[in-house]
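Worksheet for the structure shown next.
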There are 2 protein chains.
Amino acid sequence: MAAVAAETRWQLLLVLSAAGLGVTLAPQPPNILLLVMDDMGWGDLGVYGEPSRETPNLDQMAAEGMLFPNFYTANPLCSPSYTPQEVVGGIPDSEHLLPELLRTAGYASKIVGKWHLGHRPQFHPLKHGFDEWFGSPNCHFGPYDNKARPNIPVYRDWEMVGRYYEEFPINLRTGEANLTQIYVQEALDFIKRQQAARRPFFLYWAVDATHAPVYASRPFLGSSQRGRYGDAVREIDAGIGRVLRLLRDLGVAENTFVFFTSDNGAALISAPKQGGSNGPFLCGKQTTFEGGMREPAIAWWPGRIPAGQVSHQLGSIMDLFTTSLSVAGLEPPSDRAIDGLDLLPAMLQGRLMDRPIFYYRGNTLMAVTLGQYKAHFWTWTNSWEEFRQGVDFCPGQNISGVTTHTQEEHTKLPLIFHLGRDPGERYPLSVASTEYLDALHRITSVVRQHQETLVPGQPQLNVCNQAVMNWAPPGCEKLGKCLEPPESVPEKCSWPH
Amino acid sequence: MAAVAAETRWQLLLVLSAAGLGVTLAPQPPNILLLVMDDMGWGDLGVYGEPSRETPNLDQMAAEGMLFPNFYTANPLCSPSYTPQEVVGGIPDSEHLLPELLRTAGYASKIVGKWHLGHRPQFHPLKHGFDEWFGSPNCHFGPYDNKARPNIPVYRDWEMVGRYYEEFPINLRTGEANLTQIYVQEALDFIKRQQAARRPFFLYWAVDATHAPVYASRPFLGSSQRGRYGDAVREIDAGIGRVLRLLRDLGVAENTFVFFTSDNGAALISAPKQGGSNGPFLCGKQTTFEGGMREPAIAWWPGRIPAGQVSHQLGSIMDLFTTSLSVAGLEPPSDRAIDGLDLLPAMLQGRLMDRPIFYYRGNTLMAVTLGQYKAHFWTWTNSWEEFRQGVDFCPGQNISGVTTHTQEEHTKLPLIFHLGRDPGERYPLSVASTEYLDALHRITSVVRQHQETLVPGQPQLNVCNQAVMNWAPPGCEKLGKCLEPPESVPEKCSWPH
């Protein structure tokens with residue numbers, strides 16, 4: 001049904017174009033390019049105030065597009081969560097992914113970079129709608145000894161073509177790796193091929209050079225004022241510049257919707273050498289403070305999204321699903337609740353839609369933002385035990401009763417902050433104030449509705465097993481890189497945070 | 001001598017213009033407009049990452065000019081220091097002020113706003129080179145009872161025309177005051193008059209709506225996402241927009257050098273309702289951490305300073321003296337050491353000049369920055385006694401051994417930070433590292449040279465006397481607003497921080 005609707009819309013466009021211009025080529029649905037960074041923080045871009053201002057291409061993208069200062073991820077950890085390779089689960093077949101739906105409208109889809117939705121065969125991205133993949137199923141941690149733990153494989157489409165630290169070296173001492181260059185080239189090649197074939201494309205570009213261990217290629221190493229982390233940012237920024245220039249050079253920029261964001265806040269535990277910046281916000285990755293979940297976000301679609309705009313729409317990374325479908329002229333599935341909004345009215349007409357942002361940690365609703373008000377029902381950074389061992393999610397920041405090292409419940413009287421006056425979450429409103437009571441009243445009703453209508457997902461990350469790790473990915477036999485898995489011993493996963 | 005040199009240069013320009021264009025009007029030296037904010041922080045502008053992004057005119061000024069992310073004030077307090085009206089001293093006659101020197105090149109000069117260099121007759125700005133003044137000698141604290149303490153007078157030129165809270169109301173409850181509107185109008189009128197008279201002008205626009213008690217006029221009250229402080233910022237931003245538009249409309253934008261900055265970091269003690277933001281930097285006003293002294297800074301000179309540039313030149317507010325003289329074709333006085341650099345090479349040719357930034361608190365050299373390295377010889381925020389009473393210069397920030405509440409000496413082994421990797425001064429370099437030793441070596445030599453060549457100024461702020469307050473400013477008799485001073489009792493001034 002969605003596909004039919006889309007077809008109707010494109011036929012209408014064809015008629016209009018033909019009427020206006022005489023002879024015209026058949027129009028294509030717009031291309032969709034999602035650039036999703038790994039552990040990059042809100043404060044890492046020049047346009048968001050990073051003092052070294054080393055992201056000229058992203059800053060230019062913002063100048064030509066729309067900046068979203070109030071855009072959030074769905075979880076303060078990578079992907080749905082931080083999945084080591086012993087996790088048994090992954091994306092269920094019952095979930096409809098964007099490339100599956102876009103396929104109905106004729107899109108070719110590719111993922112470049114990290115998948116992170118399960119590395120076992122049934123979770124492979126090409127089983128979930130993608131036509132092509134170049135990248136890896138897990139994070140580039142390592143090197144491993146291939147006895148207790150195998151190095152993460154790198155796939156081209158169905159089969160592995162090598163492993164990190166082996167065929168795809170990452171020098172942990174110097175920080176040198178060519179992976180971002182490879183990922184840029186994969187993007188450029190894919191775009192050129194689809195353009196030559198006159199096929200609309202969906203490209204999900206999920207590079208991970210800014211996730212510790214951070215890396216950059218030799219020309220970028222030492223090029224930043226910010227050390228190795230900054231080198232990685234510069235290389236990604238330069239790569240995005242090349243991709244956007246290609247779209248212009250191919251004459252398809254005005255038919256390509258591009259969105260840039262990140263998967264969670266900067267990992268302050270890796271700072272200062274391997275972690276980024278969350279600007280003026282509190283804490284970082286792994287927390288439900290603003291530093292953990294507010295993300296850099298830029299929408300770019302020359303000729304459609306007006307240039308140089310700032311939208312204060314509260315946005316969520318989940319909106320990219322609905323918004324991308326809308327760009328393609330498709331409707332989201334009607335057989336289930338969809339959490340994301342269609343942001344096109346915000347992007348194209350400057351509309352502001354009233355909607356809450358929910359901050360989850362695992363299954364716990366930690367906080368909610370509605371308008372300018374954020375209510376914390378629970379506060380927690382990490383345990384005293386970890387903290388005393390030097391693990392600090394909020395280095396240099398300490399707000400009494402807020403950055404707590406025990407899980408503090410505030411569900412009866414949440415801590416409420418006004419994010420406009422106090423983006424750093426330093427000054428809870430007085431519970432005796434009218435402002436507090438008004439905000440609480442509005443938030444309570446939204447949370448009640450959310451909890452009443454919530455359909456919980458099935459846990460995918462609760463069973464671990466050393467035997468399911470990347471011992472013998474498809475294609476390993478051709479490369480002579482199959483390893484012997486240990487005995488299968490399923491166990492409960494341990495999630496310390 | 002300086003004036004002669006300037007004349008020669010303008011004559012040369014005249015010859016060149018005449019040769020190139022045939023008939024031409026006599027050229028004028030460029031106008032100079034210095035916009036110096038009060039307690040506005042680095043992080044308060046959209047272009048520096050303020051999430052609400054409510055400074056479209058300043059952001060546009062940056063897009064048309066040059067942004068300086070590494071620009072510093074000379075002291076983390078208002079003006080040379082925070083001078084209450086009982087301070088006896090002020091600017092000595094032996095100091096040459098910019099308007100005195102610019103007068104030799106034919107400039108008309110005006111100060112709009114806060115003078116803060118002494119309020120007694122001998123310190124009056126019109127005795128130090130300004131032709132006009134509209135504003136006040138001290139901060140707009142109050143209201144006072146006119147018995148123990150008079151309200152601060154507002155001057156037009158030589159004489160007071162009223163007092164704050166009396167003829168110039170500030171409503172502390174609502175935050176309403178029309179002063180920024182008056183200051184904008186004064187700027188517009190002055191520019192128009194000088195332009196009509198074909199005189200080059202120097203305008204020093206020192207508005208103080210962002211200093212607590214912050215205020216805005218009725219149309220701006222409630223207009224910001226950031227509360228009353230944001231209302232004040234929006235009104236100033238709109239005013240600067242009007243001034244820059246006037247320059248364009250009069251056709252003199254390309255002959256006007258404009259520089260925007262602030263006198264010290266945001267006053268976090270007034271946050272969140274009356275204080276601004278220092279972005280990712282540590283602490284604020286009253287400290288020598290980056291939040292206290294790194295300032296927003298934008299240079300604008302259409303046709304001369306290239307548009308949309310970022311300069312990583314380390315700049316100082318003291319450079320505005322030398323730079324302004326250079327703009328006017330004048331040389332700084334040769335009979336004394338001049339601390340400021342001429343920044344025109346950075347602005348016009350993109351040059352980077354190696355120079356240190358010194359961070360003083362009173363007479364104590366607290367820290368120095370050289371390149372990317374900042375060394376703290378002393379750390380101090382405020383006393384434990386004040387801190388325990390709730391006075392906090394670093395709210396929400398606590399870095400062990402750095403944000404100290406005792407005056408900690410580190411002169412032998414300074415705390416050294418790399419400001420590129422660690423702009424928030426959270427991670428001191430290991431004293432055992434080569435990086436530390438190299439930085440220390442370079443910094444030590446620069447500090448030694450500084451201290452050997454330093455000519456200390458005469459203290460101006462060490463004697464206080466209730467009798468010297470603004471009891472009977474010139475013009476008070478015409479208004480019937482003279483008050484009776486108390487008995488003269490000179491005493492040592494008390495400076496708690």
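The values are calculated or read from the model by the stated rules, or taken from the named source; none is laboratory data. What you are looking at is a predicted structure, and each value in this text was computed from that prediction instead of being measured. Note that we place each Cβ from the backbone using ideal geometry, even for glycine, and neighbour counts take in every protein chain shown.
For this structure, a couple of remarks:
- Residue, surrounded by the most Cβ atoms within 10 Å (Cβ to Cβ), within the stretch B:24-75, restricted to residues that are polar (S, T, N, Q) and within 14 Å of chain A (Cβ to nearest Cβ): B:55
- Within the stretch A:449-462, one or more residues are charged (D, E, K, R), surrounded by fewer than 20 Cβ atoms within 10 Å (Cβ to Cβ) and outside any loop (DSSP other than H, G, I, E, B).
- Checklist (1) under 30 Å from residue A:471 (Cβ atoms); (2) over 15 Å from the mean Cα position of the chain (by Cα); (3) surrounded by fewer than 24 Cβ atoms within 10 Å (Cβ to Cβ) applied to residue A:103, failing item: (1)
- In the stretch B:211-221, residue nearest to the other protein chains (Cβ to nearest Cβ) [restricted to those that are of a type in the set (Gly, Ala, Ser) and farther than 14 Å from residue B:267 by Cβ]: B:216
- Residues of the stretch A:207-227 that are over 11 Å from residue A:54 (Cβ atoms), crowded, with 24+ Cβ neighbours inside 10 Å and of a type outside the set (Asp, Glu): A:207, A:209, A:210, A:211, A:214, A:215, A:216.
- Scanning the stretch B:472-497 for residues that are basic (Lys, Arg) and either modelled with pLDDT under 95 or loosely packed, with under 15 Cβ neighbours inside 10 Å (or both) turns up B:478, B:492.
- Inter-residue pairs, beta-carbon under 6 Å, first more than 15 Å from residue B:49 (Cβ to Cβ) and in the stretch A:56-72, second of a type outside the set (A, V, I, L, M, F, W, C) and part of a helix (DSSP H, G or I), 6+ apart: A:57/A:237; A:57/A:241
- Cβ-Cβ distances below 6 Å connect the following pairs, each with a first residue in the stretch B:422-434 that is more than 7 Å from chain A (Cβ to nearest Cβ) and more than 21 Å from residue A:50 (Cβ to Cβ), a second residue that is assigned to a loop (DSSP other than H, G, I, E, B) and among the aliphatic types (A, V, I, L, M), and a separation of six or more residues or different chains: B:431/B:413.
- Of everything in the stretch B:435-464 that is among the small types (Gly, Ala, Ser) and out of contact with any Gly (no Cβ under 9 Å at 6 or more places or on another chain), the residue that is nearest to the other protein chains (Cβ to nearest Cβ) is B:445.
- Residue check, residue A:404 over 25 Å from residue B:270 (Cβ atoms), of a type in the set (Val, Ile, Thr) and at pLDDT 95 or above: yes
- Per-region count, the stretch B:152-164, residues part of a loop (DSSP other than H, G, I, E, B) and either acidic (Asp, Glu) or over 13 Å from residue B:481 (Cα atoms) (or both): 2
- When the residues of the stretch A:354-406 are filtered to those that are assigned to a strand (DSSP E or B), within 13 Å of chain B (Cβ to nearest Cβ) and of a type outside the set (Ser, Thr, Tyr), the one that is surrounded by the fewest Cβ atoms within 10 Å (Cβ to Cβ) is A:374.
- Residues in the stretch B:268-286 that are within 14 Å of chain A (Cβ to nearest Cβ) and either of a type in the set (D, E, K, R) or under 17 Å from the mean Cα position of the chain (by Cα) (or both): B:273, B:275, B:276, B:277, B:278, B:284.
- In the stretch B:407-421, the residues that are touching a Ser or Thr at 6+ places or on another chain (Cβ under 8 Å), closer than 30 Å to residue B:353 by Cα and more than 13 Å from chain A (Cβ to nearest Cβ): B:410, B:415
- Note on the stretch A:463-497: among residues that are in contact with an Asp or Glu (Cβ under 9 Å, 6 or more places away or on another chain) and small (Gly, Ala, Ser), the one that is farthest from residue A:119 (Cα to Cα) is A:475.
- Residue check for residue A:224: in contact (Cβ under 8 Å) with a residue 40 or more places away in the chain, within 14 Å of chain B (Cβ to nearest Cβ) and over 18 Å from residue A:303 (Cα atoms): yes
- Complete set of residues in the stretch B:48-89 that are small (Gly, Ala, Ser) and either assigned to a loop (DSSP other than H, G, I, E, B) or touching a helix residue (DSSP H, G or I) at 6+ places or on another chain (Cβ under 6 Å) (or both): B:49, B:52, B:62, B:65, B:74, B:79, B:81, B:89
- Apart from one condition, residue A:149 fits all of (1) farther than 26 Å from residue A:474 by Cβ; (2) in contact with a helix residue (DSSP H, G or I) (Cβ under 9 Å, 6 or more places away or on another chain); (3) part of a loop (DSSP other than H, G, I, E, B); the exception is (1).
- Of the residues B:257, B:220, the single one that is at pLDDT 95 or above and farther than 17 Å from residue B:181 by Cβ is B:257.
- Given (1) touching a strand residue (DSSP E or B) at 6+ places or on another chain (Cβ under 8 Å); (2) modelled with pLDDT under 95, index of the condition residue A:459 fails: (1)
- Subset of the stretch A:248-266 (residues that are away from chain B (no Cβ under 14 Å) and crowded, with 21+ Cβ neighbours inside 10 Å): A:256, A:257, A:258, A:259, A:260, A:261, A:262, A:263, A:264
- Subset of the stretch A:73-97 [small (Gly, Ala, Ser) and without any contact (Cβ under 8 Å) to a residue 60 or more places away in the chain]: A:94
Residue-by-condition table, conditions (1) in a loop (DSSP other than H, G, I, E, B); (2) over 21 Å from residue A:359 (Cβ atoms); (3) aromatic (Phe, Trp, Tyr); (4) touching a helix residue (DSSP H, G or I) at 6+ places or on another chain (Cβ under 7 Å):
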residue	(1), (2), (3), (4)
A:208	yes, yes, no, no
A:221	yes, yes, no, yes
A:229	no, yes, yes, no
A:242	no, yes, no, yes
A:276	yes, no, no, yes
A:284	yes, no, no, yes
A:303	yes, yes, no, yes
A:306	yes, yes, no, no
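- Any hit, the stretch B:123-130, residues being surrounded by fewer than 24 Cβ atoms within 10 Å (Cβ to Cβ), assigned to a loop (DSSP other than H, G, I, E, B) and touching a His at 6+ places or on another chain (Cβ under 7 Å): no
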